[in-house]
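Following: one structure in structure tokens, then a few remarks.
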């Protein structure tokens, strides 16, 4: 008996120790829901997971990691194109709620290029739906497949800005748009709600994306709005259109990723739309909410199958937990985070995202940033109200990058409104940085334009600007005629520089879906024209940015900056193509051609050389998309897409 009592006391003490350890703010728990689950058919993929209970989380994030797998050669429906995916939580005794929606990218080259992507989505709204034994459903709406999905919850302990109370559905489904026999308003009807204390803040959260196309390209390619009514009074209007697909951070893709769409882009999260209903409602009082789509009737009713995937939820929270609380939400740059791919790597002006999670308006904040051992200081001023976000751009900071190696960048809050922040656990953020290319001080910039004329000015769509580290323009070139060369010789002082190439048509200067425009080119060469050390992919969408450093040295060897240049042309090709190889040094290499399933259809070895044009016989290959992978020494490989039209 005495042993039994002692054993119970010991177990109790151990449990108390575990609870104490787990209660530390900032501790992070990871829960894996799916691990590289192969998506092999249209439909639902269900599973369950046991989530922690009784723990308060400052932040809850879903990591949606998308990858590819090699399909069987007999599988014809393995395209890995842009499809709607939804993740639902199915808590016991509560509403089944969509917690995230992601549109897959055109990823037919992901196997050849060994790519994947980690989408990070805030899911703190669903704290009460994500505890204990919970069902999960991954919905895949594509008719072809080939993706893998990994879902992980990142649960960061601490006091949240507000405590989530409940998430309840208003609308959830795919509703036809413009169909007289079944108008969308039959489904978007007025609903009555109420809430009680301790709920003090209430939000309507809409996740909406338009899909399919009728004779007028609605709903996917037409911009429409909805009106939000509370108690039958219009309180907000929202345009359902995403106009930045050509700036997608998942690029380049193998399909029409650049075209703007009805509130979504291929390879992007469908970000929800929030409406704060707190000022319009009160506890213990009923109210009605109603969403009305812009009136529309499809011209041809037999083709009125397009519509909107509509998920609306009522999210309730407690009162705010802090009065003065500024949070560093993320580091945009410098960072290796692939969700900020276009902003990195950079060598000046670090950028962070901050959010006011306290009720007091924030008008100034002092930040430390840079290296941990020798941080720099910056004072931000503005006006940030409760739950507002903004970006903070620090002054030029080349000293952070002078070592030109991968390292850790840190940003922290020193003071807010001239005093101490109430909550220190969201005041620091770190990121991993990448090395920056070192270029020579004297070189030549060459731009060759394609045949695409701008609708804004009667010249080519492509232009560029070169900025120094103080954002002064060193060179600006626009109004360039079609199918022409523009050559600039530059002599740069030591420092950080940024090349911005813009395309007003948002289809780059080399886009596979517009072969009539031809292929443009942007390249950096040494003064003798014998080395090409920067030659970016022309499939840039609206813009590309390249940061580089000119070092404070003299007589720097040009091969420090030189890169291996590999290309295949013409593209599209028929019968034969040419593999252009301009390498840093003599070496042997292998190259292979694979189809979209990853099957090798050709493979060759080339003897030692550093520059050659290799003829590639493609006469026996069927028309379609292929990938040419060149394997260099030191396990370096470069993959180029090749379109064959035999």
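Just so you know, in the range 405-429 the residues that are modelled with pLDDT of 90 or more and part of a loop (DSSP other than H, G, I, E, B) include one that is nearest to residue 495 (Cα to Cα), and it is 427. Once the range 209-258 is narrowed to residues that are exposed (fewer than 15 other Cβ atoms within 10 Å of the Cβ) and modelled with pLDDT under 95, the residue that is farthest from residue 640 (Cα to Cα) is 215.
Among the residues making up the range 352-377, those that are at pLDDT 95 or above and over 23 Å from residue 58 (Cα atoms) are 363, 364. No other residue among 475, 438 is surrounded by fewer than 17 Cβ atoms within 10 Å (Cβ to Cβ), without any contact (Cβ under 8 Å) to a residue 40 or more places away in the chain and in contact with a strand residue (DSSP E or B) (Cβ under 9 Å, 6 or more places away or on another chain) apart from 475. Of all the listed residues (581, 589), the sole one being modelled with pLDDT under 80, surrounded by 19 or more Cβ atoms within 10 Å (Cβ to Cβ) and more than 28 Å from the chain's Cα centre (by Cα) is 581.
Checking 408, 453, 419 one by one, the residue that is under 30 Å from the mean Cα position of the chain (by Cα) and not assigned by TED's automatic domain parsing to the domain that holds residue 532 is 408 and no other.
Answer yes or no as to whether residue 368 is touching a strand residue (DSSP E or B) at 6+ places or on another chain (Cβ under 8 Å) and surrounded by fewer than 24 Cβ atoms within 10 Å (Cβ to Cβ). Taking the combined requirement at face value, the residue satisfies it. Exactly one condition in (1) under 30 Å from residue 109 (Cα atoms); (2) at pLDDT below 90 is false for residue 469; which is it? With (1) under 30 Å from residue 109 (Cα atoms); (2) at pLDDT below 90 applied to residue 469, the lone miss is (1). Can you say whether residue 249 is in a loop (DSSP other than H, G, I, E, B) and either in contact with a strand residue (DSSP E or B) (Cβ under 6 Å, 6 or more places away or on another chain) or more than 24 Å from residue 539 (Cβ to Cβ) (or both), as far as the supplied structure shows? No, not satisfied. For residue 402, state whether it is surrounded by fewer than 15 Cβ atoms within 10 Å (Cβ to Cβ), assigned by TED's automatic domain parsing to the domain that holds residue 350 and modelled with pLDDT of 95 or more. Here the answer is no, as residue 402 does not meet what is asked. Any residue in the range 265-272 that is outside any loop (DSSP other than H, G, I, E, B) and either touching a residue at least 60 places away in the same chain (Cβ under 8 Å) or surrounded by fewer than 22 Cβ atoms within 10 Å (Cβ to Cβ) (or both)? Scanning the range 265-272 turns up at least one residue that is outside any loop (DSSP other than H, G, I, E, B) and either touching a residue at least 60 places away in the same chain (Cβ under 8 Å) or surrounded by fewer than 22 Cβ atoms within 10 Å (Cβ to Cβ) (or both). Give the residue, chosen from 497, 509, that is surrounded by 13 or more Cβ atoms within 10 Å (Cβ to Cβ) and in contact with a helix residue (DSSP H, G or I) (Cβ under 9 Å, 6 or more places away or on another chain). The conditions single out 509. Selection of the range 60-80 for residues being out of contact with any helix residue (DSSP H, G or I) (no Cβ under 6 Å at 6 or more places or on another chain) and closer than 21 Å to residue 99 by Cα yields 61, 62, 63, 64, 65, 66, 67. The numbered conditions (1) in the same structural domain as residue 296 (by TED's automatic domain parsing); (2) closer than 24 Å to residue 299 by Cα; (3) in a loop (DSSP other than H, G, I, E, B) are all true for residue 197 except (2). Taking the criterion of being within 24 Å of residue 245 (Cα to Cα) and out of contact with any helix residue (DSSP H, G or I) (no Cβ under 9 Å at 6 or more places or on another chain), the residues of the range 345-372 that qualify are 352, 353.
Residue 108 - would you say it is buried (at least 22 other Cβ atoms within 10 Å of the Cβ), assigned to a loop (DSSP other than H, G, I, E, B), touching a strand residue (DSSP E or B) at 6+ places or on another chain (Cβ under 7 Å) and at negative phi? In short, yes.
Could you tell me whether the range 519-532 includes any residue that is in contact with a helix residue (DSSP H, G or I) (Cβ under 6 Å, 6 or more places away or on another chain), over 13 Å from residue 461 (Cα atoms) and buried (at least 19 other Cβ atoms within 10 Å of the Cβ)?
So the first thing to find is which residues in the range 519-532 are in contact with a helix residue (DSSP H, G or I) (Cβ under 6 Å, 6 or more places away or on another chain), and the list is 526, 531.
Restricting the remaining residues to those that are over 13 Å from residue 461 (Cα atoms) gives 526, 531.
Next, from what is left, pick out any that are buried (at least 19 other Cβ atoms within 10 Å of the Cβ): 531.
Yes, because at least one residue in the range 519-532 is in contact with a helix residue (DSSP H, G or I) (Cβ under 6 Å, 6 or more places away or on another chain), over 13 Å from residue 461 (Cα atoms) and buried (at least 19 other Cβ atoms within 10 Å of the Cβ).
Of the strands (runs of 3 or more DSSP E) contained entirely in the range 328-399, those carrying at least 1 residues that are over 24 Å from the mean Cα position of the chain (by Cα) fall at 362-370, 375-384.
The values are calculated or read from the model by the stated rules, or taken from the named source; none is laboratory data. What you see is a predicted model, and the numbers here were worked out from it, not measured in a lab. Cβ coordinates were reconstructed from backbone atoms using ideal geometry, including for glycine residues, and neighbour counts include every protein chain displayed.
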